[in-house]
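Everything on this sheet refers to the single structure shown next.
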Amino acid sequence: MHFDLKSISTDAVPKALEKAERYRLLNEPYLAESICLDILTILPSHQQALVSLLLARTDQFDHGATMKSAEELLSRIEGEYERAYYAGLIWERQAHAHLRQYGPSSNANTYHALREAMNHYERAEALRPHGNDDAILRWNACARVLSRNPEIRPLPDAEFQPITGE
């Protein structure tokens, strides 16, 4: 079935963004994603909507959303720091999704994803604006997960098939 979607007005964007945030907090990221897509239809480079959409997609990693669906938004986000930071966040959230899967390679995939996140956060740290330590806070969170969970470790290279952004 096909429906022609209705457009929202630009005046409605601030309240729509509030609703998107609320839906994310209510663990209904698919509704937040829909709102962000409506905003981006009329304002394609709206930064807050792009970030909200990226976060809504990462919220759905356990429910079929792919890293690729979140990563494709990175090129539209302005600022080298922001792109590095949100790339780290994508990898970190993918790591936590792997950790919850409890599959045969989930610990190795979690390790790989956390280390990728930490690399992006280190890059963001070097680019961060004065007084913004968000990348450091996220890097430390990843480090603590690895330190507190000795079962999360890499497999020997011969056994490991790293996850990709797909």
What residue, of A113, A108, is at pLDDT below 95 and surrounded by 14 or more Cβ atoms within 10 Å (Cβ to Cβ)? A108
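Yes/no per residue for (1) assigned by TED's automatic domain parsing to the domain that holds A135; (2) assigned to a helix (DSSP H, G or I); (3) in contact (Cβ under 8 Å) with a residue 60 or more places away in the chain:
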position	(1), (2), (3)
P14	no, yes, no
L17	no, yes, no
I35	no, yes, no
L40	no, yes, no
P44	no, no, no
Y86	yes, yes, no
W91	yes, yes, no
Test S52 against the criterion of being in a loop (DSSP other than H, G, I, E, B) and either modelled with pLDDT of 95 or more or out of contact with any helix residue (DSSP H, G or I) (no Cβ under 6 Å at 6 or more places or on another chain) (or both), and give yes or no. no
Which of the residues that make up the stretch 121-151 are of a type in the set (G, A, S), within 14 Å of A84 (Cβ to Cβ) and either touching a residue at least 24 places away in the same chain (Cβ under 8 Å) or surrounded by 14 or more Cβ atoms within 10 Å (Cβ to Cβ) (or both)? A124, A135
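The values are calculated or read from the model by the stated rules, or taken from the named source; none is laboratory data. Treat the numbers as computed from the prediction; the structure is a model and nothing was measured. Quick reminder, even Gly has a Cβ in these numbers, built from the backbone with ideal geometry, and neighbours come from all protein chains shown.
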